[in-house]
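Let me begin by presenting the structure, written as C-alpha cells, before commenting on it.
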Amino acid sequence: MKTITTDALIIGAGLAGLRVALACQAQGQQATVLSLVPAKRSHSSAAQGGMQASLGNSVKSQGDDETAHFIDTVKGSDWGCDQTVARMFAHVAPKAVRQSAEWGVPWSRIKAGPRQAVINGKTTTIKEAVQTHGLIHARDFGGTKHWRTCYTSDGTGHSLLYAMDNKAIAAGIEVHERVEALQLIHDGQRCQGAIVRDLVSGELIAYLAKTTTICSGGYGRLWSASTNALICEGTGTSMALETGLVPIGNPEAVQFHPTAIVPAGILVTEGCRGDGGVLRDVDGHRFMPDYEPEKKELASRDVVSRRMTEHMRTGKGVKSPYGEHLWLDITQLGAAHIDKNLREVKDICNNFLGIDPAKDWIPVRPTQHYSMGGIRTNEKGEAYGLAGLFAVGEAACWDLHGFNRLGGNSLAETVVGGMIIGEHVAAAAKQTDAPEEAVAVPHWHAVAAEIDALLQAEQGNDPYDLREQMEQIMMDKVGIFRTGTELEQAVVELEQLQRQASELKLHNRTRHSNPELVEALRVRKMLKLAVAVAKGALARTESRGAHAREDYPQRNDNEWLKRTMVHWRNDAAELSYEAIDISKMELPPGFRGYGEDNTIAHPDSAVRLAQVEQWQQQYPDATEQERQQALMPYELPTLLSQPNQRRGVGK
C-alpha cells in the first residue's frame, strides 16, 4: 500500500480548496490538494457575474454595509439559512475582495463622471463621484437592496481562480492532479485522510492527514440538464455520506438558474439582467413586471425561475426542437457594453448558438444550477459526526444559503468560507497527531476489493444506462416544481436503480485509464445522493425558497423551520431533522416580498421580533458592535474580525 502523508488534505482544487490550502500553508501546515482536473480547470472558473461584498463604492452602492448584505442573504434563503454564518460571511466578504485585488485580480473599476446604464428597461445617466475613481465597482444582481456584486467583466471566477492558483504555486502548495478520492479513512471517531485512485495509472494511494477538507463542489450532474461542469457529480459529498456517520444537510434544496441557453444548458450570467437585460415571451412581451412589479427580472433566482416556468405553462413559451424556451434580451445594452462587460456571454452565444447578443435575443430556460445542501458542518466548517473532517463551498451545508442562494454569494462563499474555515483547519492540524498507517489498511483493501469485483464481474448492469435513467428521473420528477406523487415515484425508481448498481458489468477490464470503471465507481455514489435528494424533497411538505411543492404551496414555519439531515445507514437514506432556533435569530422570519404572503407563521417569530425591537428602542445609541453582541454574537478568527472600512464611513 503506497502512502502519502500530509498535515492538511484538501479534496478539490477550486477556489474553496485553494483558499483553505493557503490558510494552512500560512500557518506552517503542509497542505496537499487533490483534483480531478488541472486546478485552473476547476468549476470555480465558470462563475461569470461576480461576488457579493458590501464595499459601497459606487453611487448605486451607497448605504450598503454588512447588515444590508446579511438581510438580503437571510431573505434570499427564505429564512432557511444559519444566520450566524450569514453574519460571519457578510463581515468577511469585503476583506476577501480587497485581498484578492492585492493578489492580482483585475476587478472592474469605477470611472468618475457620467455614464449610461439601463435600469428597468430604460437608459439612465449615472454619475460617479470623482472621489470614487479607480475604486472597485459593483453591478446589480437579483434579490439585493444595493448594487453589491464586484466583478471582472463576466469572467470573475476565471480571474479569481487564476490569481488564487498562482498564489498557491508561489506558496509551494502541492496539487496532485487527475486523482480521485474514493473513500475516507477513519476509525469511527476521526477522519484521517482518504483512499485515492490515480485516474491515469489506476494506482490506489492512501493519503494520511491530520485534517481532511472536502471542497469538491456540488451535485448538479445528478440531473440531465445542468449548468454545472461535468465533474460536478457530488462524489465528494457522497463519500462523506457513505461513512454512515456524517449527515448531508438539506439535500432537497436545489437551485434552478433562470437563464441557461437552449439547448446547450450553458449559463449566461445574472449580470445580463443586472446590467439591464429583460425576459421576453413568444410575443416579445416583457412578462416579469406582470408577476413581480417591484423587482421584475431581478427578483430572487428561485422566484424568476418559477415565474418563467409558470409563464411557459400559459402557452407563452417559444416552441423549438429542443423544447420550449423564453428570450433573454440584452440588445438594448449595446455592443460596446457587451464587448466590455459581457464578453464571455458574447463568446458563448457566438460559439454555441451562432448569434450576436447585441442584435439577437438569447433562447433561455431555467436549468439546474446549484446545490444549497451538502455535508452538514458547524460554523467552523467541521463536519457533523467525524472529527478532523471539514467541508467548504458548494460541497458543504455550512448553511449560508438556506433554501435559495443569491447570485454572487456562491463565488463569495468559496473564498470567504475558505478564509474562515481555513484558519480552523490549520488550527486543528496543529493540535492533531499524525495518523498511523494501520488505520488506512482496511479502507484501502475495501476499495481495492470493490475495483477487483467490478473488473471481474461476468454479469450485471450497465453503469452508463443506470446513470442515464437517474438523470432523467431527477429531471422529470425532482425538478423546479415538485409534487408528492412524482416524488414518491422518484424515490421508488431511484432506490431500485441504487440496488441495481450493486451489480455492474464492465466491458473494459483495464485498471488504468478506464472511463467505464470511473463511471461505475461514481454512479454508485451519485445514486445514493439522488435518493437522499428525492427523499428529502418528498418528506418536506411545504414550499421554501427553491423547494417548490405544488401540493404544499405555503412556507410552513410552524412545522418546517428545520434542516433535513440524511445519514446513509443499512444501505438506505435515513432522515432526521435539526431545529432552527428562532429565539437566537437576529432577523426573525417574515414576508420575503414576492407575490402573496402565504406563510404559516411560527408563534416564536412574533415573540422574537418583539424582543429585537424592544432592545433597539431601549438602546437607540448603541454601536453596531454592541447591538450585534446583544442580539446575535458571533466569533471570527482574529485576523478576520476587524471592522471593514468604507469611503466616508469607517466602521
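Brief remarks follow.
- None of 258, 251, 293 is within 27 Å of residue 79 (Cα to Cα), assigned to a loop (DSSP other than H, G, I, E, B), within 22 Å of the chain's Cα centre (by Cα) and not hydrophobic (A, V, I, L, M, F, W, C) except 251.
- Annotation note: of 243, 237, the sole residue that is surrounded by fewer than 24 Cβ atoms within 10 Å (Cβ to Cβ) and within 21 Å of residue 573 (Cα to Cα) is 243.
- Residues of segment 268-318 satisfying the condition of being on the phi > 0 side of the Ramachandran plot and not small (Gly, Ala, Ser): 296
- Flag if residue 293 is surrounded by 24 or more Cβ atoms within 10 Å (Cβ to Cβ) and not aliphatic (A, V, I, L, M): no
- For beta carbons closer than 8 Å, sequence separation of 6+ or different chains, a first residue in segment 418-437 that is more than 11 Å from residue 381 (Cβ to Cβ) and open to solvent by 30 Å² or more (accessible area, probe 1.4 Å) and a second that is outside any loop (DSSP other than H, G, I, E, B) and modelled with pLDDT of 95 or more, the qualifying pairs are 433/210; 434/5; 434/208; 434/210; 437/3; 437/206; 437/208.
- Whichever residue in segment 15-34 is open to solvent by less than 10 Å² (accessible area, probe 1.4 Å) and not aliphatic (A, V, I, L, M) and, among such residues, is farthest from residue 64 (Cα to Cα): 32
- Residue selected from segment 133-147 under the condition aliphatic (A, V, I, L, M) and assigned to a loop (DSSP other than H, G, I, E, B), by the criterion most open to solvent (accessible area, probe 1.4 Å): 135
- Residue list for segment 24-61, restricted to those being assigned to a loop (DSSP other than H, G, I, E, B), more than 21 Å from residue 155 (Cβ to Cβ) and not polar (S, T, N, Q): 28, 36, 56
- Selection of helices (runs of 4 or more DSSP H) fully inside segment 407-520 by the criterion of at least 2 residues being small (Gly, Ala, Ser), within 30 Å of residue 640 (Cβ to Cβ) and touching a Ser or Thr at 6+ places or on another chain (Cβ under 9 Å) returns 409-430.
- Matching residues, segment 92-108, being open to solvent by 20 Å² or more (accessible area, probe 1.4 Å) and either in a helix (DSSP H, G or I) or closer than 26 Å to residue 376 by Cα (or both): 95, 98, 99, 101, 102
- Residue in segment 153-166 that is open to solvent by 30 Å² or more (accessible area, probe 1.4 Å), of a type outside the set (Phe, Trp, Tyr), in contact with a helix residue (DSSP H, G or I) (Cβ under 7 Å, 6 or more places away or on another chain) and under 22 Å from residue 12 (Cβ atoms) present: yes
- In segment 103-132, the residues that are touching a residue at least 24 places away in the same chain (Cβ under 8 Å) and closer than 17 Å to residue 56 by Cβ form Cβ pairs under 7 Å with partners that are surrounded by 13 or more Cβ atoms within 10 Å (Cβ to Cβ) and of a type in the set (Phe, Trp, Tyr), at six or more places apart or across chains, as follows: 108/151.
- Exactly one residue out of 61, 77, 44 is within 26 Å of residue 635 (Cβ to Cβ), hydroxyl-bearing (Ser, Thr, Tyr) and at pLDDT 95 or above: that is 77.
- The set of residues in segment 623-643 being outside any loop (DSSP other than H, G, I, E, B) and of a type in the set (A, V, I, L, M) consists of 630, 631, 639, 640.
The values are calculated or read from the model by the stated rules, or taken from the named source; none is laboratory data. Since this is a predicted model, take the numbers as computed values, not measurements. Reconstructed Cβ throughout: ideal geometry from the backbone, glycine too, with neighbour counts over all protein chains shown. All accessible areas refer to the heavy atoms of the entire protein, side chains included, with ligands and DNA or RNA removed. Shrake-Rupley method; radii C 1.70, N 1.55, O 1.52, S 1.80 Å.
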